[in-house]
Amino acid sequence: MPLRTFLAVELELPTVAALVKAQEQLAYFGDKVKWVERVNLHITLNFLGDVADEDAVEVCRRAAQAAGRVEPFEFGVTGLVCSPTHGALRMVWANVDDPSGMMSVLHDELAKGFAQMGLRQENREFRPHITVARIKYVANQARFRGAVRMFSDVDFGRQHCEEVVAFTSLLTDEGPVYTALSHAELGTK
């Protein structure tokens, strides 16, 4: 059975706590908003889609190789943004501040290995972010956008990226359930 697979950077507890506090404050302004659960807050580096069972071990091996070529780095999480900027709202995400550019390097290294396997590649430019909410319906979009703007400059924390995690995602009625397949340390080669 294929495994819905993605590679991600996990968030440290202080960053998660700060994001959850913002979610709780914004919950009063949304009608049908699905707030991402604290255990599911992360930065997706590469979404691979359905991966055959027999390819999962190779995905983990290639993730370890790619991660080993990239040195650990620091990044920040600053501000919330509504997406899209105009029209019907679809999501709220947190900006990832990566002044070193190493998160994009890590994404590219992972993508090279997965492309060699013939796995799915994103067609859009990589923009690291943290999905905080998925929006089904908001009656007063201007009010909701205004509430999110109150968090546009909030510093949710800085942290180190020292590993990449390969996850599977099982979609359920209650939301996705993520299971770690492997942890790949940065800077081992």
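Values in this text are rule-based calculations from the coordinates and carry no lab data. If you're wondering where the values come from, they're calculated on a predicted model, not measured in any experiment. Cβ sites come from the backbone with ideal geometry, for glycine too, and all protein chains shown count toward neighbours.
Among Leu119, Leu19, Leu106, whose mean-square fluctuation peaks in a Gaussian network model of the chain (Cα, cutoff 10 Å)? Greatest mean-square fluctuation among the candidates belongs to Leu119. When you filter the chymotrypsin sites (Phe, Trp or Tyr not before Pro) in segment 101-138 for DSSP loop state and at most 16 other Cβ atoms inside 10 Å of their Cβ, you are left with Phe126.
When the alpha-carbon atoms of segment 65-189 are used, the pair Rg, Dmax equals 16.9, 52 angstrom. All Cα-Cα distances of segment 72-134, cut into 10 Å bins from zero to the largest, leave 19, 39, 33, 9 percent in each bin in turn. Scalar couplings 3J(HN,Hα) for segment 40-46, obtained by applying the Karplus form with A = 6.51, B = -1.76, C = 1.60 to θ = phi - 60°, are 9, 6, 6, 10, 6, 8, 9 Hz; x denotes Gly and Pro. Note that segment 178-189 has calculated 3J(HN,Hα) couplings of 9, 10, 6, 8, 7, 10, 10, 6, 7, x, 8, 10 Hz, one per residue in order, obtained from phi through the Karplus relation 6.51 cos²θ - 1.76 cosθ + 1.60 (θ = phi - 60°); glycine and proline are x.
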